[in-house]
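K.L.:
One structure, as structure tokens, below. Some questions next.
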Amino acid sequence: MLRRRPAVVMSTPQNNFIGINVSGDHVRAALVDEHGAILESKIEGVAKELIPQLAGIVQALRTPEVHAVGIAIPGLVNRQTDRVVAPRDLPTNMVEDLHGGLTRATGLRVELENDANAAAYGEFKVGAGRGSRNLFYMMIGNGIGGALILDGKLWTGASGFAGEVGHITIDTEGLDCVCGNRGCLETVASAPSIVRRARERLNRDSTSSLSRLGLQKSFTAEDVAHQANEGDDFALMMIERTGKYIGTGVASVINLLNIEKIVLGGGVMDAGSLILNPIIHEVKRRAFQPCFDATEIVAAKLGLDGAPIGAAMLARDAH
Ligand SMILES: [Zn+2]
């Protein structure tokens, strides 16, 4: 699917960048101008051979003004070696030499970044974080990622893995997590864990006739959010409890960093104020009051465009 935006009339030559977000099932790419505006975008399913696919997308979006390509990947990116270590939702052999392979295939400078880091940078430059110098971003979807912008720069840690807020421990006796730890925030507040908790509850209490969810064989976290928006008591309770878990994590981040802004994105935040309000309520209950008072907690603005825009902006600013 190729969407062309109306042609922009420009009197001076423009520097453009291509930003691409690869998720477990989709490739979302955009031609982005130097101010972070999307000029053209493209969405495809993930092919078996990722490097030729991405090279083809770059070719389709490329204009003479394109200077570099930014790629956002679900997984950890080692900044010293530019290799993907621990990819999430994608086989390792598909992505480990993405940087080298795509550089050779396109002849362009390629910058590789973790998807939450890229989305954070997008929000920081043109979205909900615009105008701030320091922010913490959380992406709450199939997994929970995080990223830190300090003094206007993405802070990636000693080897590129900073911000993994989804793997802070919420329950010392909790469920095993994909990371090897147990009781991580991700095991109770990610989209799949909302479905799991809802299912457990419905199994225990089959008289939950209050909930239309119980009548469905399969449902997703989006269904829970939708039913909550329709006023379903059970779905509302599930969303509120999720907000409580997320708020507990956010309170720790605020106490640790005394950060000026928290930006919350990802599919789980599609529940809007139904989830944002319990998050803020829980943070207020748990964080140091002066830290809480100094922090603004807001929803992300760019949605699924955040990661491709952020990847393009990182490619713009990386050299
Ligand atoms: Zn974990």
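K.L.:
Tell me which residues, restricted to the stretch 251-277, are touching a helix residue (DSSP H, G or I) at 6+ places or on another chain (Cβ under 6 Å), farther than 14 Å from residue 224 by Cβ and surrounded by fewer than 20 Cβ atoms within 10 Å (Cβ to Cβ).
P.N.:
The answer is 255, 258.
Per-residue answers, yes or no, for (1) open to solvent by 60 Å² or more (accessible area, probe 1.4 Å); (2) over 18 Å from the mean Cα position of the chain (by Cα); (3) within 27 Å of residue 188 (Cα to Cα); (4) among the β-branched types (Val, Ile, Thr):
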residue	(1), (2), (3), (4)
128	no, no, yes, no
135	no, no, yes, no
155	yes, no, yes, no
158	yes, yes, no, no
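K.L.:
Select the strands (runs of 3 or more DSSP E) contained entirely in the stretch 60-120, then report the ones holding at least 3 residues which are farther than 18 Å from residue 17 by Cα.
P.N.:
Hits in the stretch 60-120: 75-78, 83-87.
K.L.:
Then there is this: Which one is modelled with the lowest pLDDT, of the residues in the stretch 219-236 that are acidic (Asp, Glu) and open to solvent by 60 Å² or more (accessible area, probe 1.4 Å)?
P.N.:
If we take residues in the stretch 219-236 being acidic (Asp, Glu) and open to solvent by 60 Å² or more (accessible area, probe 1.4 Å), then 222 is modelled with the lowest pLDDT.
K.L.:
Can you report the number of residues in the stretch 160-174 which are in a loop (DSSP other than H, G, I, E, B), surrounded by fewer than 17 Cβ atoms within 10 Å (Cβ to Cβ) and near the ligand (Cβ under 10 Å from one of its atoms)?
P.N.:
1
K.L.:
Considering only the stretch 137-153, how many residues are assigned to a loop (DSSP other than H, G, I, E, B) and either within 15 Å of the ligand (Cβ to nearest atom) or open to solvent by less than 70 Å² (accessible area, probe 1.4 Å) (or both)?
P.N.:
Within the stretch 137-153, the first condition is being assigned to a loop (DSSP other than H, G, I, E, B), and the residues that meet it are 141-143, 151-152.
In the following step, the residues that additionally are either within 15 Å of the ligand (Cβ to nearest atom) or open to solvent by less than 70 Å² (accessible area, probe 1.4 Å) (or both) were identified as 141-143, 152.
Residues that pass the stated criteria total 4.
K.L.:
Let me ask something else. Of the residues that make up the stretch 46-67, is at least one open to solvent by 10 Å² or more (accessible area, probe 1.4 Å), at pLDDT below 95 and within 17 Å of residue 154 (Cβ to Cβ)?
P.N.:
No, the conditions are met nowhere in the stretch 46-67.
K.L.:
So for the stretch 175-183 (the condition being open to solvent by 70 Å² or more (accessible area, probe 1.4 Å), more than 30 Å from residue 82 (Cβ to Cβ), within 15 Å of the ligand (Cβ to nearest atom) and of a type outside the set (D, E, K, R)), does at least one residue qualify?
P.N.:
Among the residues of the stretch 175-183, at least one is open to solvent by 70 Å² or more (accessible area, probe 1.4 Å), more than 30 Å from residue 82 (Cβ to Cβ), within 15 Å of the ligand (Cβ to nearest atom) and of a type outside the set (D, E, K, R), which makes the answer yes.
K.L.:
Please enumerate the residues belonging to the stretch 184-208 that are part of a loop (DSSP other than H, G, I, E, B) and surrounded by 22 or more Cβ atoms within 10 Å (Cβ to Cβ).
P.N.:
The answer is 185, 190.
K.L.:
Can I ask one more? Can you name the number of the only condition in (1) within 11 Å of the ligand (Cβ to nearest atom); (2) of a type in the set (S, T, N, Q); (3) modelled with pLDDT under 90 that residue 190 fails?
P.N.:
(3)
K.L.:
Name the pairs whose Cβ atoms lie under 6 Å apart, with the first residue in the stretch 250-267 and under 12 Å from residue 280 (Cα atoms), the second part of a helix (DSSP H, G or I) and open to solvent by 10 Å² or more (accessible area, probe 1.4 Å), and 6 or more positions between them or separate chains?
P.N.:
251/286; 254/291
The values are calculated or read from the model by the stated rules, or taken from the named source; none is laboratory data. As the structure is a computational prediction, the values presented were derived from the model and not from experiment. FYI the Cβ positions are ideal-geometry reconstructions off the backbone, even for glycines, and counts take in every protein chain you see. Each accessible area value is taken on the protein alone, full model and side chains, heavy atoms only, with ligands, DNA and RNA left out. Shrake-Rupley method; radii C 1.70, N 1.55, O 1.52, S 1.80 Å.
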